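The values are calculated or read from the model by the stated rules, or taken from the named source; none is laboratory data. No experiment lies behind these values; they were computed from the predicted model shown. Heads up, the Cβs are rebuilt from the backbone with ideal geometry, glycines too, and the neighbour counts pull from every protein chain shown.
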Amino acid sequence: MMPLAETKSPAPFDAWRHRYAVACAVATGLLLLAGGLVTSTGSGLAVPDWPLSFGRVFPPMVGGVLFEHGHRLVAASVGVLTLVLAFWFARREARAWVRRLAYVAVGAILVQGLLGGLTVLLRLPPAVSVLHACLAQGFFCVVVILALATSKGFVARRPEALQDDGVPRLWALAAIATVLVHAQLILGAVMRHTGAGLAIPDFPLAFGRLVPPMASSEIAIHFAHRAGALVVAAAVLFPAVRILRRHPGRNELAAPARLLIFLVAVQILLGGATVLTRLAVVPATAHVVVGALLQAACLVVTVRAARARGGFLPAAPPGITCREGLAPAAPVRTAGSAA
Ligand code: HEM
């Protein structure tokens with residue numbers, strides 16, 4: 001079958017391809033969980049070789065090998081899922097940007113595999129481990145956008161125009177939040193892979209003070225991550241609250257806005273729990289996964305708000321009050337006017 005030609009008309013909704021993209025996103029979330037567990041349990045060097053594990057495809061799954069080799073198996077499965085996804089999109093996807101994004105996913109998972117291998121062979125150098133952690137977050141975002149771009153709401157309907165006269169625009173606010181969350185994920189990865197997770201041992205204060213003495217680079221990185229959490233919280237709450245106050249009826253924005261508020265609160269609590277439990281496996285790993293969900297949710301709001309910006313204005317039926325999404329020229333029923 002030939003690849004579909006680029007077309008300006010809306011792409012037909014393909015339920016199975018969308019379900020498959022969602023399954024890939026869920027599998028990638030599980031991969032993030034498996035990768036987080038490797039670091040949280042200190043199993044990064046439990047298997048000393050790569051690409052084989054102790055020279056075998058299936059070594060005995062004992063001790064840290066369970067986490068390290070388990071992570072490799074989940075990663076290999078996501079790699080295969082991604083190849084199938086790109087092949088499917090190459091054949092069936094009419095929009096060039098979506099096809100290209102599927103190819104980017106393949107490139108990213110290949111580089112990610114190589115970085116994972118290098119991390120092991122070079123004995124966990126922080127720079128490679130941090131890159132591996134950040135690319136994992138980026139790959140997750142790519143797959144989430146593929147799932148979003150193939151959803152019914154995205155392909156089958158154009159959204160109603162968003163009456164967004166705020167400055168900055170809603171999509172820009174959400175984009176700023178996405179970038180700041182990503183910067184915070186990078187800081188978190190640097191902290192985790194340079195062993196600075198307990199450089200400040202107390203929480204919510206730092207050495208009993210608001211601002212700790214910057215006696216080492218580890219303390220500075222750790223404190224930057226805590227200060228970053230406040231910036232991120234403000235950046236995420238700003239668009240979320242604006243959506244809930246001004247566009248409560250736009251469920252495609254209001255639902256992720258509520259999720260953003262929930263995720264940012266949980267993430268800060270998990271950060272605190274990570275310190276107070278001395279990097280216990282459960283809170284430290286959950287902190288990695290919720291960070292990924294937070295970034296992906298910010299990106300979803302950005303894409304949906306940007307899309308609604310150029311949406312359509314359906315004509316309002318006569319006699320109906322003009323409201324968001326209806327053409328400004330629609331008649332407005334005022335108090336005392338004839339019914
Ligand atoms: C909403 C803001 C936050 C986000 C998005 C975030 C994100 C992250 C991520 C993704 C990591 C792991 C990076 C990786 O290994 O790939 C991390 C590590 C860490 N974060 Fe946060 N974080 C936030 C707030 C906080 C807060 C308030 C604290 C409280 C102290 C905190 C404490 C930590 C600690 C201690 C680690 C290292 C854990 C370890 O060494 O195992 N985080 N952060």
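Here Leu230 meets each of (1) surrounded by fewer than 13 Cβ atoms within 10 Å (Cβ to Cβ); (2) of a type in the set (A, V, I, L, M); (3) under 29 Å from Pro168 (Cβ atoms); (4) more than 9 Å from the ligand (Cβ to nearest atom) with one exception, condition (4). Candidates Ala105, Ala127, Ala136: the one that is within 16 Å of the ligand (Cβ to nearest atom), under 15 Å from the mean Cα position of the chain (by Cα) and among the small types (Gly, Ala, Ser) is Ala136.
Quick one: would you say Val74 is in contact with an Asp or Glu (Cβ under 8 Å, 6 or more places away or on another chain), in a helix (DSSP H, G or I), in contact (Cβ under 8 Å) with a residue 40 or more places away in the chain and hydrophobic (A, V, I, L, M, F, W, C)? Answer is no for this residue. Can you spot a residue in the range 278-295 that is part of a helix (DSSP H, G or I), under 12 Å from Val236 (Cα atoms) and modelled with pLDDT of 95 or more? The answer is yes; a qualifying residue exists. Filtering the range 122-150 to residues that are surrounded by fewer than 16 Cβ atoms within 10 Å (Cβ to Cβ) and touching a residue at least 60 places away in the same chain (Cβ under 8 Å) leaves Arg123, Leu124, Pro126. Annotation note: Cβ proximity below 6 Å between a residue of the range 42-64 that is surrounded by 12 or more Cβ atoms within 10 Å (Cβ to Cβ) and a residue that is part of a loop (DSSP other than H, G, I, E, B) (sequence gap 6+ or interchain) occurs for Gly44/Leu124; Ser53/Val47; Ser53/Pro59; Gly64/Ser43; Gly64/Ala46. The set of residues in the range 18-53 being away from the ligand (no atom under 15 Å from the Cβ) and touching a His at 6+ places or on another chain (Cβ under 9 Å) consists of Ala46, Val47, Ser53. Taken over the range 198-238, residues that are of a type in the set (D, E, K, R) and closer than 18 Å to Ala265 by Cα amount to 1. Checked against the criterion of being in contact with a strand residue (DSSP E or B) (Cβ under 7 Å, 6 or more places away or on another chain), more than 10 Å from the ligand (Cβ to nearest atom) and at pLDDT below 95, the range 203-225 has no qualifying residue.
Taken over the range 197-231, the residue count meeting the criterion of being hydroxyl-bearing (Ser, Thr, Tyr) and closer than 23 Å to His182 by Cβ is 1.
Condition first: touching a strand residue (DSSP E or B) at 6+ places or on another chain (Cβ under 9 Å) and buried (at least 18 other Cβ atoms within 10 Å of the Cβ). Can you find one or more residues in the range 246-253 that meet it? For the range 246-253, residues touching a strand residue (DSSP E or B) at 6+ places or on another chain (Cβ under 9 Å) and buried (at least 18 other Cβ atoms within 10 Å of the Cβ): present. Based on this model, can you work out whether Val181 counts as in a helix (DSSP H, G or I), in the same structural domain as Thr119 (by TED's automatic domain parsing) and touching a Cys at 6+ places or on another chain (Cβ under 6 Å)? Considered against the rule, which asks whether it is in a helix (DSSP H, G or I), in the same structural domain as Thr119 (by TED's automatic domain parsing) and touching a Cys at 6+ places or on another chain (Cβ under 6 Å), Val181 comes out as no.
Just one of the listed residues (Gly272, Gly195) is within 10 Å of the ligand (Cβ to nearest atom), assigned to a loop (DSSP other than H, G, I, E, B) and out of contact with any Ser or Thr (no Cβ under 8 Å at 6 or more places or on another chain), namely Gly195. Just one of the listed residues (Pro212, Pro204) is surrounded by fewer than 21 Cβ atoms within 10 Å (Cβ to Cβ) and either within 28 Å of Arg304 (Cα to Cα) or in contact (Cβ under 8 Å) with a residue 40 or more places away in the chain (or both), and it is Pro204. Looking across the range 279-297, the residues that are more than 22 Å from Leu146 (Cα to Cα) and either more than 10 Å from the ligand (Cβ to nearest atom) or of a type in the set (Phe, Trp, Tyr) (or both) come down to Val282, Ala286.
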